[in-house]
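First up is the structure itself, then whatever we jot down about it.
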Amino acid sequence: MSVKRDSFSVSITVGAYGVAFGAAAVADHFTILQACLLSLLTFSGASQFAVVGVVGAGGGAINAIATSTLLGTRNALYGMRMAPLLKVQGWKRAAAAHVTIDESTGVALAQSHDDDARQGFWRTGIGVFLFWNIFTLLGAIGAKAMGNPAAWGLDAAVPAAFLGLLWPRLKARNTWALMAAAIVLSLVLTPGLPAGLPIISCAVLAIAIGWRE
Amino acid sequence: MSTQWIAVIGASVLAYALKYVGSTIPESWLAQPRVQRINSLTPIALLSALVATQTLAEKTKLVIDHRAAGVAVAIAALIAKAPFPVVVLSAAITSALVFHFH
């Protein structure tokens, strides 16, 4: 797999889902400016959906920020994973931090050479940032005209993209076991916990499996 | 200031803080094999959970809908060693078709 092609595919696919975010934000009574600022500044899809979803459901600002931040903690783990690979300082470090998200980390970790990993991280991070913000604006403006993003298959394309990123990492037997455990745990926890907690809870599984052996 | 503005600013500040703090955790912490193992397993756990919840969860409810059909086709495409764009596009097309004709 070529790193350029991977990065571009992920960027356009995930970026296009920004339409859904822009539309969701406007539907939940955020202004177009607020929707765009969330995509520019928060720049973490799940966290952004949490913000507009919780506020839209009447959950209040504190709940919205807490849920969003909980969803964003995995980016800190990604940052820790990427730092020794990227080896950047100063403004580049500040920029790298901003584009440290599921997709950039996922594409980087799917590469077998460090050079490709670094390229994948930057290309995907910047690519998703560009497309995500463009499509957020389009989605916010065209929310009514575009209609439901599910009609375009975008809501299945995103988990499929995550799966495509996950697949090459599933080599050793313990990684398959971890995947199965994470799927079961996140689904079991979904009905009982606020959105975001079922995902972050699965970090415990990685610790449990990585601790021994 | 409105709820929306507080949420936008608060979420943005904390989101960036988390991203930056993660990248400043000392490299020496990562030199330990145990930390290395946990660190390389963490994205697998979180990505798996994301796939599962984005496919089967609707807020706090579990549902099997057009998305599951799309992801099932994506799995088949991955097993058949299809290239990444094919995996994603086949999922999107399947999901959209099920959505429209279900």
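The values are calculated or read from the model by the stated rules, or taken from the named source; none is laboratory data. All values derive from a computational prediction rather than experimental measurement. No Cβ is skipped: glycine too gets one built from the backbone with ideal geometry, and neighbour counts run over all protein chains shown. Each accessible area value is taken on the protein alone, full model and side chains, heavy atoms only, with ligands, DNA and RNA left out. Shrake-Rupley method; radii C 1.70, N 1.55, O 1.52, S 1.80 Å.
Descriptive notes on the structure:
- There is at least one residue in the range B:81-100 that is crowded, with 16+ Cβ neighbours inside 10 Å and of a type in the set (F, W, Y).
- Count - residues of the range A:46-57 that are in contact with a helix residue (DSSP H, G or I) (Cβ under 7 Å, 6 or more places away or on another chain) and either among the aromatic types (F, W, Y) or open to solvent by 60 Å² or more (accessible area, probe 1.4 Å) (or both): 1
- Of all residues in the range A:27-45 being surrounded by fewer than 22 Cβ atoms within 10 Å (Cβ to Cβ) and among the aliphatic types (A, V, I, L, M), the one that is farthest from B:L14 (Cα to Cα): A:A27
- Residues of the range A:168-208 classified as among the aromatic types (F, W, Y) and in contact (Cβ under 8 Å) with a residue 40 or more places away in the chain, total: 0
- Residue in the range A:145-152 that is touching a Leu at 6+ places or on another chain (Cβ under 6 Å) and either crowded, with 18+ Cβ neighbours inside 10 Å or not polar (S, T, N, Q) (or both) present: no
- If you go through the range A:126-151 and keep only what is among the β-branched types (V, I, T) and under 14 Å from the mean Cα position of the chain (by Cα), you end up with A:I126, A:V128.
- All conditions but one from (1) closer than 19 Å to A:T105 by Cβ; (2) at pLDDT 90 or above; (3) open to solvent by 50 Å² or more (accessible area, probe 1.4 Å) apply to A:R169; the one that does not is (2).
- Restricting attention to the range B:33-61, the residues that are of a type outside the set (S, T, Y) and in contact (Cβ under 8 Å) with a residue 12 or more places away in the chain total 3.
- Count of the range A:5-48 residues which are over 15 Å from the mean Cα position of the chain (by Cα), modelled with pLDDT of 90 or more, within 20 Å of B:I6 (Cβ to Cβ) and not polar (S, T, N, Q): 6
- Output for the range A:185-213, where each listed residue is of a type in the set (S, T, Y), within 15 Å of B:K59 (Cα to Cα) and either touching a His at 6+ places or on another chain (Cβ under 7 Å) or assigned to a helix (DSSP H, G or I) (or both): A:S186
- Hey, B:T60 touching a Pro at 6+ places or on another chain (Cβ under 9 Å) and β-branched (V, I, T) or not: yes
- Residues within the range A:112-144 that are surrounded by 20 or more Cβ atoms within 10 Å (Cβ to Cβ), of a type in the set (S, T, N, Q) and farther than 29 Å from A:V52 by Cα, tallied: 0
- For the range A:96-125, the candidate set comprises residues that are under 16 Å from B:L18 (Cβ atoms) and among the small types (G, A, S); within that set, the residue that is nearest to the chain's Cα centre (by Cα) is A:S104.
- Residue count for the range A:58-102 satisfying the condition of being open to solvent by less than 10 Å² (accessible area, probe 1.4 Å) and farther than 29 Å from B:S28 by Cβ: 2.
- Being of a type in the set (G, A, S), at negative phi and modelled with pLDDT of 90 or more is a property that A:G120 has.
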